[in-house]
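Q: One structure, pasted below without further comment.
The values are calculated or read from the model by the stated rules, or taken from the named source; none is laboratory data. In this text, all values refer to a predicted model and were calculated from it rather than measured experimentally. Neighbour counts run over all protein chains shown; Cβ positions are idealised from the backbone, glycine included. Just so you know, the surface numbers come from the protein's heavy atoms only, side chains and all, with ligands and any DNA or RNA stripped out. Shrake-Rupley method; radii C 1.70, N 1.55, O 1.52, S 1.80 Å.
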Amino acid sequence: MSNVRKSLLQLIFTGSSMQRWNDKLRPTELMEVDKQAHKMMVAWVLFLLNTRGMPAEERVELGARIVEGGIFDYLYRLIITDIKPPIFYRIKANPAHYRQLTDWVFSELEPRVRSLGEPFWDRLQAYLRSTEEDSLDRRILSAAHLYASGWEYNLIKSMNRQDTELMDIEESFRNGLKKNADLAGVSDLLEGLFGQGRTPVGHFAQVCGQLRFQKRWSQTPRIPETSVLGHMFIVACYAYFFSLSIGACPARAQNNFFGGLFHDLPELLTRDIISPVKQSVETIGDLIKEYEELELERVILEPLRRGGFPDLVDRLSFFLGLSVGSEFQACATLDGEVQRVSANELQAFYNADQYDPKDGDLLKVCDSLAAFLEAYTALRNGIASDQLQQGLWRIRSKYSSWVLFGQVHVGALLADFD
């Protein structure tokens, strides 16, 4: 039986405090959770581009490996923390040393992760013990990792011109991406990262990365500060874990992960407008949503459509709930069309890969849980704030009696946070 616990939620959130490139001069703090979000957005693009024409069953299976591989990599990284990549790769090249390091990582992860169930724990161990690199899922994740790290490198390059290590770092990114240049989309990413031009795919990847500059709770001091980009990855992980807890089919679990990963994408265009503002006037929420969708079409969807990527547009529209009214509306594909369904209908009748289902209420719960962790952690770190206290109270009050599909008691989970 899969069970999500407080310690797992907190573990996922710790990437918000984990600095990257912390031995370099940086124009802004670069956090691990932001990089992981960017990586998985790019991995999603590569996944779609490299599965065109693939049978649906194989595609779902590959998607599951990509989602879980991304989560497993992140969990590993959270434990090994500040081991620099060159040192880690040297350790990995020595099987005995890598096995020792990985066994220690498992001992640290087990108390917090094993509650997700034996199948998940077994898959995590098998993935992290393996040194195989040539499967399609691992190549996609590797290319996405190199792009996201290279994107950060471009931010700090001009500020560290005296650093003799930088040329080697850039060369490793270039060579790594070139090794995967046969994958659809990688040459576009490489051109956008190190070339002079920018393709529609490169433009989209660039736009996604910019969400790290938008801070959540922008009028409220917090430690740690969290970005919209990192928040989306946290929501995606929570959504996947809860999907396992309720017995979601593989397609539904993936859709919930990617739905969480992209749910705040329009905020790149209007900034993170807090809920009290959206709710302060009856019509302002609808007005903001209208502007978000107009800008989403202009800046993101239309360039992709015009560039020959209508499948990316269709899938983004699905995750953002554009045809059913909200990213938090449950939906399923019935008679070839995405249709609104209730949460209970989704669980009872459409929890099968053939319906391509995606949750609504579950994603909203995960969005609220991520906001709860942001406020709770800031308060525990000594930030006295009425806004944070009110945020905790609202979330606790709303979900005190919520039980997702009779299986996940959200109020009980929140009660574990003192």
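Q: Go ahead and run the numbers for FRET between residue 339 and residue 54, Cβ-Cβ distance against an R0 of 35 Å, rounding to 0.05.
A: 0.90
Q: To continue, here is another question. What do you get for GluC sites (Glu not before Pro) in the stretch 303-357 restricted to DSSP loop and a cutoff of at most 13 other Cβ within 10 Å of the site's Cβ?
A: Answer in residue order: no site qualifies.
Q: Please find, in a Gaussian network model of the chain (springs between Cα atoms separated by less than 10 Å), the residue of 249, 237, 331 whose mean-square fluctuation is greatest.
A: Evaluated over the chain, the most mobile residue of the options is 249.
Q: Please report, in whole Å³, the volume per residue of the convex hull around the C-alpha atoms of the stretch 58-147.
A: Convex hull of Cα atoms, per residue: 101 Å³.
Q: OK, next. Could you tell me which of rounded, prolate or oblate describes the stretch 1-134, using a ≥ b ≥ c as the square roots of the eigenvalues of the alpha-carbon gyration tensor, with rounded for a/c under 1.5 and, failing that, prolate when a/b is larger than b/c and oblate otherwise?
A: It comes out rounded by the Cα gyration axes.
Q: Related question: What net charge is computed for the residues neighbouring residue 169, neighbours being all others with C-beta under 11 Å from the C-beta of residue 169, Lys and Arg scored +1, Asp and Glu -1?
A: Counting the neighbours of residue 169, the net charge comes to -2.
Q: Next question. For an R0 of 41 angstrom, estimate the FRET efficiency from the Cβ-Cβ distance between residue 84 and residue 61 and round to the nearest 0.05.
A: Efficiency for this residue pair is about 0.75.
Q: Most fluctuating residue of 223, 91, 395 in a GNM of the chain with Cα springs under 10 Å: which is it?
A: Top of the fluctuation ranking is 91.
Q: Quick check: convex hull over the Cα atoms of the stretch 284-345, volume per residue in Å³, rounded to an integer?
A: Roughly 76 Å³ of hull volume per residue.
Q: Please list, or write none, the lysines whose alpha carbon is within less than 20 Å of the alpha carbon of residue 35, excluding same-chain residues fewer than 8 places away.
A: Of all the lysines, those that pass the test against residue 35 - Cα under 20 Å, at least 8 places apart if same chain - are 24, 84, 157, 215.
Q: Please give the per residue accessible area of the chain, computed with a probe of 1.4 Å over protein heavy atoms only, in Å².
A: Solvent-accessible surface per residue comes out at 44 Å².
Q: Same structure again: Using θ = phi - 60° and the Karplus relation 6.51 cos²θ - 1.76 cosθ + 1.60, list the HN-Hα couplings for the stretch 348-360 in order, rounded to whole Hz, with x at every Gly or Pro.
A: These are the phi-based 3J(HN,Hα) values: 7, 10, 10, 7, 8, 3, 4, 8, 6, x, 9, 7, x Hz.
Q: Taking all protein chains in place and a 1.4 Å probe, what share, in percent, of the accessible surface of the chain do carbon and sulfur account for?
A: After summing per-atom areas, the C and S share lands at 50 percent.
Q: Which of 192, 259, 325 moves the most in a Gaussian network model of the chain with Cα springs under 10 Å?
A: Answer for the Gaussian network model of the chain: 325.
Q: Residue 25 to residue 96: extension gain in nm, 0.36 nm per residue of separation minus the Cα-Cα distance?
A: Residue separation times 0.36 nm, minus the Cα-Cα distance, leaves 22.1 nm.
Q: Report, in order of residue number, the helices in the chain meeting two criteria: a C-alpha extent of 27 Å or more along the helix axis, and a mean Kyte-Doolittle hydropathy of at least 0.0; treat each whole DSSP H run as one helix.
A: Going by DSSP H runs, the hits are 56-80, 136-156, 361-380.
Q: What number comes out for the charge environment of residue 259, summing +1 per Lys or Arg and -1 per Asp or Glu over other residues with Cβ under 13 Å away?
A: -2
Q: Another question about this same structure. Just add up the charged neighbours of residue 139: K/R +1, D/E -1, any other residue whose Cβ is under 12 Å from the Cβ of residue 139.
A: -2
Q: Could you tell me which GluC sites (Glu not before Pro) in the stretch 91-180 are loop residues by DSSP with no more than 16 other beta carbons within 10 angstrom of their beta carbon?
A: In loop regions of the stretch 91-180 (DSSP not H, G, I, E or B), the sparsely surrounded GluC sites (Glu not before Pro) are 132, 133, 165.
Q: A further question on this structure: Among 232, 365, 184, which residue has its Cα positioned farthest towards the positive end of the charge dipole of the chain, with +1 placed on the Cβ of Lys and Arg, -1 on the Cβ of Asp and Glu, and the dipole taken about the Cα centre?
A: Of the candidates, 232 comes out farthest on the positive side.
Q: Over the stretch 104-173, what lengths in whole Å, largest first, do the semi-axes of the equivalent ellipsoid take, defined as the square roots of 5 times the eigenvalues of the alpha-carbon gyration tensor?
A: Ellipsoid semi-axes (Å, largest first): 34, 16, 11.
Q: Next up: Over all directions, how big on average is the projection of the convex hull of the alpha-carbon atoms in the chain, in square nanometres?
A: Approximately 20.1 nm², given one-decimal rounding.
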